[in-house]
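Student: Below are the structure tokens for one structure; questions will follow.
The values are calculated or read from the model by the stated rules, or taken from the named source; none is laboratory data. Given the structure is predicted, the values throughout are model-derived calculations rather than measurements. We place every Cβ from the backbone using ideal geometry, glycine too, and count neighbours over all the protein chains shown. Just so you know, the surface numbers come from the protein's heavy atoms only, side chains and all, with ligands and any DNA or RNA stripped out. Shrake-Rupley method; radii C 1.70, N 1.55, O 1.52, S 1.80 Å.
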Amino acid sequence: MTPAALADLVRSAAVDVLTSRGLDTGVLPAEVTVERPRNPEHGDYATNLALQVSKKLGVNPRDFAGWLAEALTKQDGVAAVDVAGPGFLNLRLDADAQGAIVREALTAGAAYGHNELLAGKKINLEFVSANPTGPVHLGGTRWAAVGDALGRVLEAEGAAVTREYYFNDAGAQIDRFVRSLVAAAKGEPAPADGYGGGYIADIAAEVIKREPSALSLPEAERDETFRRTGVNLMFDEIKQSLHDFGTDFDVYFHENSLHESGAVDRAVAQLKASGDLYEEDGAWWIRSKDFGDDKDRVVIKSDGAPAYIAGDIAYFKDKRDRGFDLCIYMLGADHHGYIGRLKAAAAALGDDPNTVEVLIGQLVNLVADGKPVRMSKRAGTVITLEDLVDAVGVDAARYSLIRSSVDSAVDIDLDVLRKTTAENPVYYVQYAHARIARVLENAADLKIELGDVADADLTLLTMDKEGALIRTLGEFPKVVASAAELREPHRVARYLEGLAGAFHKYYDDKDDPDTARVLPKGDEEVSPRAVPQLHLYRATQQVLRNGLALLGVSAPERM
């Protein structure tokens, strides 16, 4: 019985109890909260339902808890129910009910933890969107990992997710990039406002290789050649580095297309016609302050040129015209003002501001030998995606960036991520998977036939550490649902660390090593507990694999 199934059982029992006493069932929440108590001696699960609703019912919470306890003890799978404190209920499940979690995990396989809560929802998830003026830096790398994981989590809940990269191929930053390439091709220093780093010289050399006469062209034609070829080279490199990192996109949307197609002009004309833009000092402004921005923003400058937000407005309209129900933007720490301006854009277009969600990611710092790492060999002033991957590998890089809430800055200790100890969180989780794989391989070598889990006597899994491990497996679907609802894939990583910990404690049981041991030694007979235990191992391995897949991290068989 999973926590979700138990919650449904508690609510059903509460409905029966209230109905039999002529009390209002409408006070019951749609979903009952069932949690594991901090102290396992109190029971397998606990609920505060009686405390939640007793005041509305006009009854003593301990009385209601007592009625509920009496009803629940009659239910299949519930071994005991105790009333604690002012009205908490502590529940214990019988062994067969707990074993059902193992069966469910193995029967569902790769689908365990998934459901259809977001079925029918079309979500546009835009992330990274780094300017094509240099390699992906650490902030973009964090979004590459977190954004991809969030997409996987949302899909696990049934959503149709389109991963989108907004290709900023218009604006002043591209002009500076072009001037930097031309300077490098001429052997001159980078402009004061330009881009440095070895990658500029590399791309400039490749432009000359492809277009040998580029420097001899008239200035405008020369710059266009460097712009066209240089931007494409840089963007191809960005896409390849992201692909190698395990992050791919469904759509690469070109900002320039919004201007060339007239989409920006049409969006601005619509806002002017509706009165949602106002004119002041020769410029046109949107009332973004009304939606949390610190000030209203210029959409059309006094010289008639569109400001950057004009493209944002047209881009949002384009997403909605493509049929997306929700547009999630994942932006860097310096983009907090975009929350208000994007919601203002939605409202001004006559749309629901809640169709816009903006997630702001905080900074990432690398530490090695106890000191900050600040310089890249290739990019010069920033650390890049490739720098991090070269240092620790893709799995460790992705996992370390995902496992912390994006609301907080994170320090990545390269020395820790290189360790093959429990101190390294990704190793700790992956090692649990590999450990199980080794046991299952040895069981196969011993010709131990597992058979169908439906036929296994899982009531033999009576050790406390087995119960703790099984209940942890049962929490996985709820964790995935919470990660999707709150847009927090780090919850999956932290759950996996807890699951790995529960398994390692069981595997290394020092209190009862003979009972915890799975495989026979020497000429020993195979224990009756061996098959149920191996099914528990398999279920744990499956959930570890499912969770790592949601993070885009591998589940190795050997380490």
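Student: Can you tell me what percent of all Cα-Cα pairs in the chain are more than 42 Å apart?
Tutor: Summing the P(r) tail past 42 Å for the chain gives 37 percent.
Student: Cα-based Rg (one decimal) and Dmax (whole number) for region 186-290, in Å?
Tutor: 19.9, 53
Student: Are there chymotrypsin sites (Phe, Trp or Tyr not before Pro) in region 43-100 that DSSP marks as loop and that have at most 13 other Cβ atoms within 10 Å, and which are they?
Tutor: Sparse-neighbourhood loop chymotrypsin sites (Phe, Trp or Tyr not before Pro): none present.
Student: Here's another thing I want to ask about it. Solvent-accessible area of Arg210, probe 1.4 Å, all protein chains present, reported in Å² to the nearest ten, please.
Tutor: Ignoring ligands and nucleic acids, Arg210 comes out at about 140 Å².
Student: With every protein chain in place, what's the accessible area of Ser302 (1.4 Å probe, Å², nearest 10)?
Tutor: Probe radius 1.4 Å; accessible area of Ser302 about 90 Å².
Student: Would you mind checking the radius of gyration and Dmax of region 245-297 based on alpha-carbon positions, in Å?
Tutor: Rg then Dmax for region 245-297, in Å: 15.7, 48.
Student: Another question, if that's okay. Where only protein heavy atoms count, and the probe is 1.4 Å, what is the accessible area per residue for region 453-559 in Å²?
Tutor: Numbers: 4480 Å² over 107 residues.
Here the per-residue accessible area is 42 Å².
Student: Report the label-to-label distance for Asp248 and Asp94 in nanometres (one decimal), using points 7 Å from each Cα along the Cα→Cβ vector.
Tutor: 5.0
Student: Find the percent of Cα-Cα distances in region 405-510 that exceed 17 Å, and round it to a whole number.
Tutor: Of all Cα-Cα distances in region 405-510, 67 percent exceed 17 Å.
Student: Grab the DSSP H runs of the chain that are 4 residues or longer, score each as -39,500 (n - 2.57), total them, divide by all residues and round the 222 nm result to the nearest 500 deg cm²/dmol.
Tutor: It comes out at -15500 deg cm²/dmol, rounded to the nearest 500.
Student: Against the longest alpha carbon principal axis of the chain, how many degrees, from 0 to 90 and to the nearest 10, is the axis of helix 425-445 turned?
Tutor: Once rounded, the angle reads 50 degrees.
Student: Considering only protein heavy atoms, what is the solvent-accessible area of His42 at a probe of 1.4 Å, reported in Å² to the nearest 10?
Tutor: For His42, the solvent-accessible surface is approximately 100 Å².
Student: Given Cα pairs under 8 Å that are at least 6 residues apart, what percent is the relative contact order of the chain?
Tutor: 16
Student: From Cα pairs below 8 angstrom and at least 6 apart in sequence, can you work out the relative contact order of region 479-559, rounded to a whole percent?
Tutor: About 28 percent, as a whole number.
Student: Beta carbons within 10 angstrom, averaged per residue: use that to sort the peptides 140-152, 99-111, highest first.
Tutor: 140-152, 99-111
Student: Return one number: the angle in degrees, 0 to 90 and rounded to the nearest 10, between the long axis of the Cα atoms of helix 464-474 and the longest principal axis of the Cα atoms of the chain.
Tutor: 40
Student: Ok, one more. Taking H as built 1.01 Å from N, whose amide H comes closer than 5 Å to the amide H of Phe167, not counting residues under 5 places away?
Tutor: Close amide H contacts, sequence-distant or interchain: Phe253, His254, Glu255.
Student: Counting other Cβ atoms within 10 Å of each Cβ, which GluC sites (Glu not before Pro) in region 459-559 have at most 12 and sit in a DSSP loop?
Tutor: Of the GluC sites (Glu not before Pro), the ones in loops of region 459-559 whose Cβ has at most 12 other Cβ atoms within 10 Å are Glu524, Glu525.
Student: Rounded to the nearest 0.05, what FRET efficiency do Glu557 and Thr73 give with R0 = 56 Å and r taken as the Cβ-Cβ distance? Could you check?
Tutor: 0.80
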